[in-house]
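> Have a look at this one before I ask anything.
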Amino acid sequence: MSGNKKSQYDALFSGVIGQDYEMLNMICPLATEMSRLVGAAVTEYPARSADKLKIVELGGGTGITTLSILTAREAAIVISIDNEPTMQNQAKNHLKKWADKERLFFCSDDALTALENMATDSVDIVASAYTLHNFQNTYRQRVIGEIFRVLKPGGQLINGDRYALDDVSIHTRVVQREMEGYFKILTEANKLDLLESWVIHILNDESEDHIMRESLSLNQLKEVGFSQVSLSHRMEANALVTAIKPAQ
């Protein structure tokens, strides 16, 4: 991505999302980069008809990845799912323009319930950033099965997320460096309450019932039935994973 392109994105996100984007970009710039990469992958998805793409976003949060998806594809309708009302209300405020144009719809169910209520073979893309790793392993397995079911043949999963390195010792060092960065930035900014929240969150991410180890996660997708499973854009503990539901 060129520096000019990134500047345009930063200007767009900071203008629409405001302080939410600026804070996340300060604390974890790799997360904002992953949101952009999710949008870039949506751009590359091959349209198979003149109909608008139906895109389901899991874990819309305050709307940072949602905006990346919306700006990536004009001919698309996005259903953003998030059962945290405080976060989703911010997204509704940030992205009102797209909702008014009926390009964006919100669902306040949890991910599994929302997917279970969708028809089989009805969605072109399921996209997400930093949501699947928050799920407990058993719940995540069920969500992945439902993602596969609702996707159309040829549909795609696009997930930018925390994928732990297979080498545990290397991954541990990566996470240690990440947490050192949080301490440095947030103590200098005198945001100790936010630091506490991030430390607790990372510890939860790294717990055995949550962690998404790279090889196991990719095999999980293949076992459900996905093909062309690919991990790219590895940035420390972060990576972009894409997978295709085979055409029938």
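Bear in mind these aren't lab numbers, they're just calculated from the coordinates by the rules spelled out. None of these values were measured; they are calculated from a predicted model.
> From the Cα trace of the chain, what convex hull volume per residue do you get, rounded to a whole Å³?
Here the figure is 125 Å³ per residue.
> Could you give me the ³J(HN,Hα) list for region 101-110, computed from phi with Karplus coefficients 6.51, -1.76, 1.60 and θ = phi - 60°, whole Hz, x at Gly and Pro?
Working through the residues one at a time gives 7, 6, 9, 9, 10, 10, 10, 9, 6, 5 Hz.
> Calculated from DSSP H runs of 4 or more alone, at -39500 (n - 2.57) each and per residue, what is the 222 nm mean residue ellipticity of the chain, nearest 500?
About -16000 deg cm²/dmol.
> Further question on the same structure: Convex hull over the alpha-carbon atoms of region 145-248: what's its volume per residue in Å³?
114
> A further question on this structure: Regarding region 81-169, what are the three Cα extents along the principal axes, ordered largest first, in Å?
Cα extents, longest axis first: 47, 31, 20 Å.
> In a GNM of the chain with a 10 Å cut-off on Cα contacts, which of Asn89, Asn117, Asn238 has the highest mean-square fluctuation?
Asn117
> Separate question: Choose one answer from Glu214, Glu74, Glu146: the residue with the largest mean-square fluctuation in a GNM of the chain with alpha-carbon springs under 10 Å.
So, out of Glu214, Glu74, Glu146, the one fluctuating most is Glu74.
> On to the next question. Step through the residues of region 197-207 one at a time and calculate ³J(HN,Hα) from phi using the Karplus curve (6.51 cos²θ - 1.76 cosθ + 1.60, θ = phi - 60°), rounding each to whole Hz and writing x for Gly and Pro.
4, 5, 4, 4, 5, 5, 4, 5, 4, 8, 5
> Starting at the first residue of region 234-243, write each ³J(HN,Hα) from the Karplus equation 6.51 cos²θ - 1.76 cosθ + 1.60 with θ = phi - 60°, in whole Hz, x for Gly and Pro.
Once rounded to whole Hz, the list reads 4, 9, 6, 8, 10, 7, 9, 10, 10, 7.
> Still on this structure, please answer the following. Give me the compactness ratio for region 168-215, meaning the Cα radius of gyration over 2.2 N^0.38 Å.
1.25
> Based on the alpha-carbon gyration tensor of region 33-132, what equivalent-ellipsoid semi-axes (square roots of 5 times the eigenvalues) come out, in whole Å, largest first?
19, 16, 13
> Mind checking which lysines have their Cα closer than 18 Å to the Cα of Lys245? Skip sequence neighbours fewer than 8 apart in that chain.
Partners found: Lys54, Lys152, Lys222.
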